[in-house]
There are 2 protein chains.
Amino acid sequence: MTTGARVLLATAAAHGIDVCFANPGTTEMPIVEALDAVPAIRPVLGLFEGVCTGAADGFARIAGRPASTLLHLGPGFANGIANLHNARRAHSPVLNVVGDHASWHLAYDAPLTSDIHSLARPVSGWVATCAAADRLAADTAAAIHATSTFPRLPATLVVPLDHQQATVPARVPAPGPVPTRPRVGGDVVEECAKAFRAAHTTVLLLGDDALSERGQRAAAAILQATGATAFSETFPAVAERGGGLPDVDRLPYFPEAAQKALADADLVLLAGAREPVSYFGYEGIPALLAPPGSVRTLARPGEDGAAALADLAEALGAPPARAAAVDPITAPQSGELTPQAVGAVLAAHLPDGAIVSVEGGTCGYPFFTASARAARHTTTTNTGGAIGQGLPVAVGAAIAAPGRRVIALQSDGSAQYTIQALWTMAREQLPVTVLIAANQRYGVLQTELGRIGAPLGGPATRSLTALTDPSIGFVELAAGYGVPAVRAASVPDLIAALGRALASDGPALIEMAL
Amino acid sequence: MTTGARVLLATAAAHGIDVCFANPGTTEMPIVEALDAVPAIRPVLGLFEGVCTGAADGFARIAGRPASTLLHLGPGFANGIANLHNARRAHSPVLNVVGDHASWHLAYDAPLTSDIHSLARPVSGWVATCAAADRLAADTAAAIHATSTFPRLPATLVVPLDHQQATVPARVPAPGPVPTRPRVGGDVVEECAKAFRAAHTTVLLLGDDALSERGQRAAAAILQATGATAFSETFPAVAERGGGLPDVDRLPYFPEAAQKALADADLVLLAGAREPVSYFGYEGIPALLAPPGSVRTLARPGEDGAAALADLAEALGAPPARAAAVDPITAPQSGELTPQAVGAVLAAHLPDGAIVSVEGGTCGYPFFTASARAARHTTTTNTGGAIGQGLPVAVGAAIAAPGRRVIALQSDGSAQYTIQALWTMAREQLPVTVLIAANQRYGVLQTELGRIGAPLGGPATRSLTALTDPSIGFVELAAGYGVPAVRAASVPDLIAALGRALASDGPALIEMAL
């Protein structure tokens, strides 16, 4: 016999969970105690729940399998929702374990009681409350199976305190086979090939595992054989890039530019991507960005898009792509820091195998442009638009991939939503290099104000979109969280600071004055 | 004619809203632009939504009327849920304005689309999405009326982007009378007086406006006339204290102590408080803390408990209470910083009319004990248990009460959930003195581990309840956010730092090494 908490963790470990990003409270203490009895699961403390959920998302994107979170009732879960929204959009598997009051205590509506399911449903593909202690092992296995089944979504298991503490049989259900991506049928591939041959101008839109190395190589074969062009979805969960992979640019963010990029296509073929829609609705601009009637789906998100592309290449008789010659990056050695300079310098200095967690457009887009010619690396982007993703995803990526350098290329405004991630980087001594694009404003909002004809009209508008008075001292914040940090005001500053940061085994932060 | 956004704000202003705690995004830009056209509403930027919702809660508690928040779709709202949970438990009126996609854009499930109602319902007494631009004025008025009606709860109005931008008549509905607290019927008062006379031992449990000066003076009259005793609910939203008010202690937090405090009562009379229940459910300890059959309600939360107490005093023939002699506080002048020393030093130095936002037990309980003999002040506590309340409530309180000193007496662990509040204090130059109780651990969790027989058993347990490796540098964090800060390691340090901080017109932070 053992406790419910221990059988929960033993089941999770047996079913492949080996990291728990935790911000526990009183109702999770039996699980905390049980973590000492189940050392196969590594506990990682976050000072704020959004760090935990974002880290679990980052872990899943890089490891390809779920980590768990451990969160405290409804309010603790709520603090993790924003990054679970991003995880849902990334199709990341995440096991959320949420403690709740003892089942017999819920009726008394104690201060922390709330409707956890109502909070969890919008960001979970599977939600359940464990109804009895002897169901904990089966419920844990069911939650992991649910979140691991494609198209993957977070799963949330609510565990009342009394069930964690109860004495139960030490029986752990045997794990079944790990779910794999459903293959796309040969008939679908054949129809797509037919449409491809009939089309005058084809654009491939790649997302999900079509942006894996295998997917991109198959896409490259198709492009070389047919003259089609390709884009990545605008905000991919994970994209391999550099090192001779084809330069697949992201579909532009603003709808006019995205429409223009697709305007000539009579076939927009989706491989792991959804039909492109405008990020926001603008009066007079259609929500659907591809020409009417042009869209056809080769593989949906969650399906085996890489294999489908390989099958399509074969159906089209496309030979393997020739490796393209890669021009070296010409990065500036001097001058002021501009977003373009930052993008080029980072791309030029990127270590082989790096993971770049990009959040924010200021330097994110210039870096992506430059990074096609960088060393082979992996990029993650903000899939759901809930800002505060970049730093936590960097935490999770570093824990998922020991030995790989992680860069967080992060805008200043969005960094603030989960700034506490810096502390976890310091505590776990993660090899994360944080580059803060400190332009001291919500740049995208000032752009959007321009779009609605209100460019910084008055004091309220200015005040709500500027990050000045006072400016935020990221070097001081990093020091408060135990991360060494410097300010860089010029290209030589950045090159020197980047060199030192990349030589360190632990975290470092560079505040880039733009 | 005007825009939907402007008519929304004009209606809010006409119905008494004059502050907007905002963290807007693209879908709120028309409202941001409109804030320049409606200068009656002061915009206050938070770097994180939990700062905004907690500030609105603090504003409501001190001003007694709602402020608004301005939040960005589902994920932005989600970041504000934890402090809205506390606001709900505090019965604080709050008008949440949440932008959403253009109504015609929702069907396309763009990245930021989510089920906002499912997120909002658990923390709102009223939720609606504005269905048409010409409904915006009426919906805004309805939301303000809903949140202002006792027992007050936050109201959440979702406003699609297209309705904000639409051209609508500049017609603002006239405000009705401001809702007031329902009076408790004479029959209820009479029955309570009868029960009081029949009871051997009575305990008054005060909450809500029974903890106002008027309520406490009426309670004091009853206590002096009858020999009854009184407690404050454990986590009052607002409590007046000091300056000769009766020393009404808080009902203890842990259930054994609370049960003991009530054990002798054959009548537990609730005035604005709910029946006391155990904060968490512990095996073998009943959830209901008062002796069975002892509980009777004079006034429910939201009713006019202060008037009911005055009526009860009259029914019992209790003369006005004599002012009690107040012994001066004997605060230490030297020695190490202990929670008791902090409580006494702060109580001794408290400026008249101060507002003390208490979060965390480490210094919170010792301060409350000492503060009965302090100058007259107002205390706010964490009503819902969602941590990260203290600093935002201090922001809102300072904006609600210009000219009053605000003290945030704040534990270190809980400070981290909304640490970005420091920046708003700096930007608005609020007279907030932040005292961080830096004991470098989640003290309550280590206590709770002891209660379940697992006192820091192994490395996981230690790691998940300690705030060390690295320790958090609050002085550096404050510097990063533009707040002057010092460390205090002894009583003389604290006295000196407190003197300087209280002499400053703006914010200051003192990290107290405990």
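The values are calculated or read from the model by the stated rules, or taken from the named source; none is laboratory data. The shown structure was predicted, so the numbers you read here are calculated from the model rather than taken from an experiment. Glycine gets a Cβ as well: all are built from the backbone with ideal geometry, and neighbour counts include every protein chain shown. In case anyone asks, the SASA skips ligands and DNA or RNA and just uses the protein heavy atoms, side chains included. Shrake-Rupley method; radii C 1.70, N 1.55, O 1.52, S 1.80 Å.
Values computed for the structure shown
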quantity: Residue A:322-residue A:117 FRET efficiency (beta carbon distance; Förster radius 41 Å; 0.05 resolution); calculated: 0.15
quantity: Residue-averaged beta-carbon neighbours from other chains (10 angstrom radius) around B:17-24; calculated: 2
quantity: The stretch A:378-496, relative contact order in percent, only Cα pairs under 8 angstrom and at least six apart counted; calculated: 22
quantity: Cα-centre dipole for the protein assembly as shown with unit charges at Cβ (Lys and Arg positive, Asp and Glu negative), debye to 20; calculated: 180
quantity: The stretch B:273-429 pair-distance distribution - Cα-Cα, 5 Å bins, rounded %; calculated: 2, 7, 12, 13, 16, 17, 15, 10, 5, 2, 0
quantity: Kirkwood hydrodynamic radius over Cα pairs of the protein assembly as shown, then Stokes diffusion coefficient at 4 °C and 1.567 mPa s, in µm²/s; calculated: 44
quantity: 7 Å along Cα→Cβ, label-point gaps from residue B:121 to other copies, nm, shortest first; calculated: 0.5
quantity: For residues of A:65-78, the mean tally of beta carbons on other chains within 10 Å; calculated: 4
quantity: Nm distances between copies for residue B:186, ranked from closest, using label points 7 Å along Cα→Cβ; calculated: 9.1
quantity: Calculated FRET efficiency for the pair residue A:504/residue A:333, C-beta based, R₀ 22 Å, to 0.05; calculated: 0.45
quantity: For the stretch B:165-178, Karplus couplings with θ = phi - 60° (6.51, -1.76, 1.60), whole Hz, Gly/Pro x; calculated: 8, 5, 8, 9, x, 7, 10, 10, x, 5, x, x, x, 5
quantity: Label spacing, shortest first and in nm, from residue A:504 to its equivalents in the remaining copies (7 angstrom along Cα→Cβ); calculated: 2.8
quantity: List of the stretch A:103-138 residues, accessible area with partners at least 30 Å² below that of the chain alone (1.4 Å probe); calculated: A:104, A:105, A:108, A:109, A:111, A:112, A:118, A:119, A:122
quantity: Qualifying lysines (Cα of each under 26 Å from Cα of residue B:194; at least 8 residues distant if same chain); calculated: B:260
quantity: Average other protein chain Cβ within 10 Å of Cβ, residues B:269-280; calculated: 3
quantity: Normalised contact order of chain A, rounded percent, pairs of Cα under 8 Å and 6 or more residues apart; calculated: 14
quantity: Peptides A:174-186, B:245-257, A:52-64 ordered by average Cβ neighbours within 10 Å, highest first; calculated: A:52-64, B:245-257, A:174-186
quantity: Pairwise FRET efficiency - residue B:197 versus residue B:131, Cβ, R0 = 45 Å, nearest 0.05; calculated: 0.20
quantity: Three-way shape label, the stretch B:59-179, alpha-carbon gyration tensor, a/c 1.5; calculated: oblate
quantity: Chains A and B together, accessible area buried on both sides, 1.4 angstrom probe, square angstrom; calculated: 7800
quantity: Accessible area expressed per residue, the stretch B:87-223, with surrounding protein chains retained (probe 1.4 Å, Å²); calculated: 38
quantity: Distance between modelled label sites at residue B:451 and residue A:489, nm, 7 Å Cα→Cβ extension; calculated: 5.4
quantity: Residue-averaged 222 nm ellipticity for chain B, from DSSP H runs of 4+ at -39500 (n - 2.57), nearest 500; calculated: -11500 deg cm²/dmol
quantity: In Å, descending, principal axis extents of the Cα set of the stretch B:381-514; calculated: 49, 33, 24
quantity: Accessible-area composition of the protein assembly as shown, carbon plus sulfur, in percent [1.4 Å probe]; calculated: 54
quantity: Cα-based shape type of chain B, given that a ≥ b ≥ c are square roots of the gyration tensor eigenvalues and the cut on a/c is 1.5; calculated: oblate
quantity: Normalised contact order of the stretch B:28-173, rounded percent, pairs of Cα under 8 Å and 6 or more residues apart; calculated: 26
quantity: Cα gyration tensor shape for the stretch B:1-106, rounded if a/c is under 1.5, else prolate or oblate; calculated: oblate
quantity: For the stretch A:442-497, the fraction of alpha-carbon pairs in successive 10 Å shells from zero, as %; calculated: 20, 30, 28, 20, 1
